[in-house]
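Report on the following structure.
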């Protein structure tokens, strides 16, 4: 293996590694929180390995931790995973490979790989960006999860305020979405909806119902787009 | 916790990734649909934050968690690293729970 990295490739690799390091820390938090919510170390690690989509994993586990049903947890996890389908659409034209390779690459289609790949200008760098991010991020995501899950076993969730730890993690995930007006509308109306509906629906369902807030957000952008 | 959630979330998450990437391929999705899908995280994350802070089972409450939330918002706004935001919010809440 050649260890010499061309000057053109270096910034791509550097930012892929930096991004993966940050995500690894996030995985650590996920591991601790998931075990606190009642998942075993194996279940927590299996989620990171096979589901491999951070926000979905987090939301599913926090619904479980507040006493919601498996269906409600699955529902919110899947709703959050749906955006990866859109990323797949965006990335698909970049991949000319065989079906087998596409099926493998699909597992790594997430926020970070999409952002890294679409930021590059030529096909070679796009490939490098995608695969470097995919491999580094997947490794650190799973390593972080394992360490977090093992540490989490010795922590009582209520005493250490882990429930609010979940919330804090969501806030950091929410920040990029607040940059657009539609994102802010969706976030605020989704949030309010989920609180207002709480007395009337079983635990977990208000979270799912908040998805309806996207229809409040859609129309204004349409108008903006035509300007 | 049962394995059902782990298995179905894994299958579902991969299905979504593959759906866009392999099955639909380069065919275009209606613009409105993809815009809606991209707004889902904002709505759901907003819900996780507010529902997780201001509800307890089926009642609306204000307790120590609200202070923890405030701390998290300030920390995130000051662009502190994720782990610091999480620890500060959790520690504040834990401390308040101990003294109350």
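Please treat every number below as a calculation from the coordinates, not as lab data. Bear in mind that the values here come from a model prediction, so they are computed numbers and not experimental data. A quick note on method: Cβ atoms are made from the backbone with ideal geometry, for glycine too, and the neighbour counts reach across all protein chains shown.
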Give me the one-decimal nm value for the distance between modelled label points at residue B:23 and residue A:212, 7 Å along each residue's Cα-to-Cβ direction.
2.7
Quickly rank A:32-45, A:149-162 as a protection proxy: mean count of other C-beta atoms within 10 Å, highest first.
A:32-45, A:149-162
Hey, could you grab the Kirkwood Rh for segment A:5-48? Inverse mean 1/r over distinct alpha carbon pairs, Å, one decimal.
12.1
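Provide, as a two-decimal number, the C-alpha radius of gyration of segment B:1-53 over 2.2 N^0.38 Å, N being how many residues it has.
Output field value: 1.48.
For chain A, what does the relative contact order come out to in percent, with C-alpha contacts under 8 Å and a separation of six or more?
31
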In degrees, nearest 10, range 0 to 90: what is the angle between the Cα axis of helix A:10-36 and the longest Cα principal axis of chain A?
20
Which of A:65, A:194, A:48 comes first, and how do the rest follow, when ranked by fewest Cβ neighbours within 10 Å?
A:65, A:48, A:194
How big is the shadow of the Cα convex hull of the protein assembly as shown, averaged over all directions, in nm²?
17.5
Can you give the FRET efficiency to the nearest 0.05 for residue A:98 and residue B:4, using r as the Cβ-Cβ distance and R₀ = 45 Å?
0.85
Top of B:86, B:23, B:67 by mean-square fluctuation, Gaussian network on chain B, Cα under 10 Å
B:23
Using only alpha carbon pairs under 8 Å that are at least six residues apart, calculate the relative contact order of segment A:148-219 and give it in whole percent.
27
For segment A:94-201, what does the alpha-carbon gyration tensor say about shape, rounded, prolate or oblate, given a ≥ b ≥ c as the root eigenvalues, a/c under 1.5 as rounded, and a/b over b/c as prolate?
oblate
Would you mind classifying chain B by shape? Square roots of the alpha carbon gyration tensor eigenvalues, ordered a ≥ b ≥ c; an a/c under 1.5 is rounded, otherwise it is prolate if a/b is larger than b/c and oblate if not.
prolate
Choice from A:91, A:28, A:174 showing the highest fluctuation, given a GNM over chain A with Cα pairs closer than 10 Å:
A:174
